[in-house]
Amino acid sequence: MAAKKQTGGRKPSAPKKKAPPKKKTAPKKSLKKKTPKKGIGQELTRQVLAIAILLAVCLTGAMVADIFINPDTRESRPSANRTDMEKKRATAPKTAAAPKTGTAALRSSKPAPDKNKDLAPVMADPHPQTKKKSVGLKTKITPPAIVYEVFEGVDQGRSQKPARPQTKPDSPQIAIIIDDIGYDKKLALALFAVHPDITFSVLPFSPHGKRIATTLSAKGAELMLHLPMEPAQYPKVNPGPGALLSSMTPDVLLGQLRKNLNAVPGVIGVNNHMGSKLTADEDKMHQIFTVLKQKNLFFIDSRTSAQSKGEAAARMFLLKFSHRDVFLDNFQNVPYITGQLKKLVKEAHKHGTAIGIGHPYQATLDALKRELPKLNGKVEVVPASRLVAIPG
């Protein structure tokens with residue numbers, strides 16, 4: 001019995017053979033949980049990479065397209081380039097072309113401006129060298145060009161003779177005034193070299209006006225102030241620094257006039273730059289002439305307006321005065337300027353004297369170099385101050 005008890009006592013020891021290690025499945029469960037997380041991360045990574053590659057392809061395509069597309073064909077290009085292209089097309093030989101459609105057809109249907117219309121303003125650029133020049137991919141910006149104001153037809157029907165010296169010269173005399181001086185020293189000196197009695201009218205506060213005036217004065221040239229005055233097209237057309245405007249009070253206007261006179265050393269007279277509106281304002285002209293009279297300066301009316309009050313104001317103030325007879329270079333080509341010079345000589349033979357106004361164009365220089373020597377013995381070229389007088 002004792003043995004049986006011992007045997008029976010061993011049986012209860014069987015439960016000691018527990019298998020807790022078999023039940024330790026927690027690590028395996030944690031591994032199974034991490035597996036799906038790793039798969040999601042990889043999927044997100046693949047999606048991000050795919051999006052990045054797609055963006056890179058799109059950007060590369062856009063860059064390639066931008067390189068190979070000609071910027072001159074875009075509608076958003078600057079208007080200045082568009083104007084240059086239109087000029088090239090206008091001067092190119094005409095060839096048969098397909099009918100225009102869309103925007104091109106609308107543009108071509110616009111009527112051309114009437115250049116022969118009386119009193120039509122001509123806005124020109126007397127300094128063609130002051131423009132933007134493209135050098136490779138870079139754009140060289142030079143100082144902005146100025147414009148001057150001329151009116152075609154302003155002299156039609158004019159019957160009043162200009163105020164000129166009472167004593168008739170032995171031979172016809174002409175004065176040539178070159179306006180808009182102050183931007184190109186080389187061209188100004190070249191014009192002086194053509195004839196020493198050419199008169200130069202200098203713009204106040206122009207980039208090189210003071211230096212050019214000093215140089216020309218030292219050489220004996222006669223100088224005038226080219227006085228900026230308000231045109232009828234203001235503010236669309238701006239006469240530039242130092243402009244006298246109809247909206248100015250008398251004190252402001254006279255103050256600006258004195259500043260302009262002080263800005264150009266050595267001037268002995270004045271003529272107007274633009275001014276089609278202000279020269280027709282009697283009160284403003286009276287204000288201006290009070291200062292000119294005090295300083296003993298003469299005034300030559302460029303006559304950009306048929307309604308100019310310049311001569312009447314000069315008569316009232318007993319101020320030496322005259323006005324322009326011929327614009328020499330409304331068009332910048334030598335044959336035209338040559339024809340205008342002949343017209344100036346004809347006026348001088350008719351009235352004894354005549355005044356022509358030109359601008360610092362290369363074409364004007366070329367025409368004067370060629371034609372002035374031919375005038376020896378026909379007319380005398382004199383400074384503008386010789387052809388002014390108090391109006392009778």
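The values are calculated or read from the model by the stated rules, or taken from the named source; none is laboratory data. Not measured: the values here are computed from a predicted model. Glycine gets a Cβ as well: all are built from the backbone with ideal geometry, and neighbour counts include every protein chain shown.
To keep it simple, each residue is scored yes or no on (1) closer than 23 Å to I268 by Cα; (2) touching a Gly at 6+ places or on another chain (Cβ under 9 Å); (3) of a type in the set (A, V, I, L, M, F, W, C).
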residue	(1), (2), (3)
I355	yes, no, yes
H359	yes, no, no
Q362	no, no, no
L368	no, yes, yes
L372	no, no, yes
N376	no, no, no
E380	yes, no, no
A389	yes, no, yes
Can R370 be described as in a helix (DSSP H, G or I), surrounded by fewer than 20 Cβ atoms within 10 Å (Cβ to Cβ) and touching a Ser or Thr at 6+ places or on another chain (Cβ under 9 Å)? yes
If the Cβ limit is 7 Å and pairs must be 6+ apart or interchain, which residue in the stretch 306-318 that is touching a residue at least 40 places away in the same chain (Cβ under 8 Å) pairs with which residue that is in a helix (DSSP H, G or I)? A314/F289
Of all residues being farther than 27 Å from S171 by Cβ and under 28 Å from the mean Cα position of the chain (by Cα) in the stretch 308-348, which is surrounded by the most Cβ atoms within 10 Å (Cβ to Cβ)? Just the residue, please. S308
Assess whether G377 counts as being more than 21 Å from G182 (Cα to Cα), touching a residue at least 60 places away in the same chain (Cβ under 8 Å) and assigned to a loop (DSSP other than H, G, I, E, B). no
Run A363 past the list (1) surrounded by fewer than 21 Cβ atoms within 10 Å (Cβ to Cβ); (2) more than 25 Å from the chain's Cα centre (by Cα) and report the number of the one that doesn't hold. (2)
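For the stretch 221-230, which residues satisfy the criterion of being more than 17 Å from the chain's Cα centre (by Cα) and not hydrophobic (A, V, I, L, M, F, W, C)?
Selection gives E222, H226, E230.
So that you can scan it fast, the table gives a plain yes or no per residue for (1) under 17 Å from A354 (Cβ atoms); (2) modelled with pLDDT of 95 or more; (3) assigned to a strand (DSSP E or B):
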{"position": "T167", "(1), (2), (3)": "yes, no, no"}
{"position": "Y183", "(1), (2), (3)": "no, yes, no"}
{"position": "L189", "(1), (2), (3)": "no, yes, no"}
{"position": "P207", "(1), (2), (3)": "no, yes, no"}
{"position": "L225", "(1), (2), (3)": "no, yes, yes"}
